[in-house]
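Accompanying notes for the structure given below.
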Amino acid sequence: QVQLVESGGGLVQAGASLRLSCVASGGTFTTYTMGWFRQAPGKEREFVARLSWGGSTYYADSVKGRFTISRDNAKNTVYLQMNSLKTEDTAVYYCAAVRLRIPAITARDYNYWGQGTQVTVSS
């Protein structure tokens, strides 16, 4: 069983940056594809970014060029660096994990989830 704990959310102004972190425990981190998703009020959960166990990344078009997903295997941590934030990035951001799976770009591809961290971008 894998446990995921996100942190780093907050309230920022448009154009600012935030870095989200997700610490994993209970599994072999190096074998997991890690993903970030987000859910805004009244909307479905949507894919943001994915980083496979082998280092392959994939981004939603809406964040490409602004967000960067990375991982530190020594710390069992995946990060989401978010730059040039927009008001439409406001959502609860969730970290997710699945073992040895690719492309892994939909929520149903993942079987472990964190509790989420709120990101609010004001204009």
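The values are calculated or read from the model by the stated rules, or taken from the named source; none is laboratory data. Just so we're clear, the structure is a prediction, and the values are computed from it rather than from any experiment. Cβ sites come from the backbone with ideal geometry, for glycine too, and all protein chains shown count toward neighbours. Areas reflect the complete protein model, heavy atoms only, side chains present, ligands, DNA and RNA absent. Shrake-Rupley method; radii C 1.70, N 1.55, O 1.52, S 1.80 Å.
Once C-alpha pairs closer than 8 Å and six or more residues apart are averaged by separation and normalised to the residue number of the stretch 74-123, the relative contact order reads 47 percent.
With contacts defined as alpha carbon pairs under 8 Å and 6 or more residues apart, what's the relative contact order of the chain in percent?
Computed over the chain, the figure is 36 percent.
Would you work out what percent of the accessible area of the chain, with all protein chains in place, is carbon or sulfur (probe 1.4 Å)? Carbon plus sulfur share of accessible area: 47 percent. The stretch 1-84 gives an Rg/Rh value of 0.96, both radii derived from C-alpha positions and Rh following Kirkwood.
Ordering Thr117, Met82, Val98 by the projection of their Cα atoms onto the charge dipole of the stretch 25-119, which places +1 on the Cβ of Lys and Arg and -1 on the Cβ of Asp and Glu, puts Val98 at the extreme positive end.
Ligands, DNA and RNA excluded, the heavy atoms of Tyr58 present near 110 Å² of accessible surface to a 1.4 Å solvent probe.
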